[in-house]
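Reading through the structure tokens given below for one structure.
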Amino acid sequence: MYAWVRENRGFILFMLLFGLFRTAVADWNPIPSGSMRPNLLEGDVVLVNRLAYNLKLPLTDIVLARTGEPQRGDVVTFSSPKDGTRLIKRLIALPGDTVVMRDKQLRINGEPAQYALVGTPSTASELPVDETLRGSERRIQWLTPHGRADDFGPLVVPAGHYLMLGDNRDNSADSRYFGFVPRNLLIGRAERVLVSADILDKWQPRFGRFGQAL
């Protein structure tokens, strides 16, 4: 065993450094579900900046230093406060915000979001919509017939926590189900799509999505 380690010490060192890089600096995250449609599709692989918010002790959720502040509209990877599963959602509300949803319309601190239907729906059940709220604009998706959780709140986001929603609002298990996300569970900010393949149809590459910014 010692002889094998000595002969392969360069490879072992490379793998250790690579593992530390992935757990502390940058990572990639495959998208397994449609909860972030229309912006992220099943089969996308996104680049995650792990230093966007926190510097953590590798392989732990222990925060060594804060490196930046989460912003409304960020696409964030984090560990679910319910079961530890890694998730990716959009950050909607910051600590101290009061959030309400009524008939799908979000309100933050009393300010209602504005909505505009985008073009022609791709299917009879998917409605792409532009949502603008407090200087942050994003494209989301509603389903017909309407899904669950069209109404919630008012909720006040506690200190050190964040409210996350999926862009596919009628088909996303998010803060409406697992509650607020504490800062130490934030993994990083998703920056762009690295590569993409249609995992629902013979794994055909989607070259047009390669390198697409979020």
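Please treat every number below as a calculation from the coordinates, not as lab data. If you're wondering where the values come from, they're calculated on a predicted model, not measured in any experiment. Every residue, glycine as well, gets a Cβ built from its backbone with ideal geometry; the counts of neighbours run over all protein chains shown.
Listed values, structure above:
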{"item": "Separation between Cα centres of region 33-81 and region 160-203, rounded to whole Å", "result": "8"}
{"item": "Residue order, fewest to most surrounding Cβ atoms within 10 angstrom, among D83, D167", "result": "D83, D167"}
{"item": "Gain upon complete extension [E137, N184; 0.36 nm per residue less C-alpha separation]", "result": "14.3 nm"}
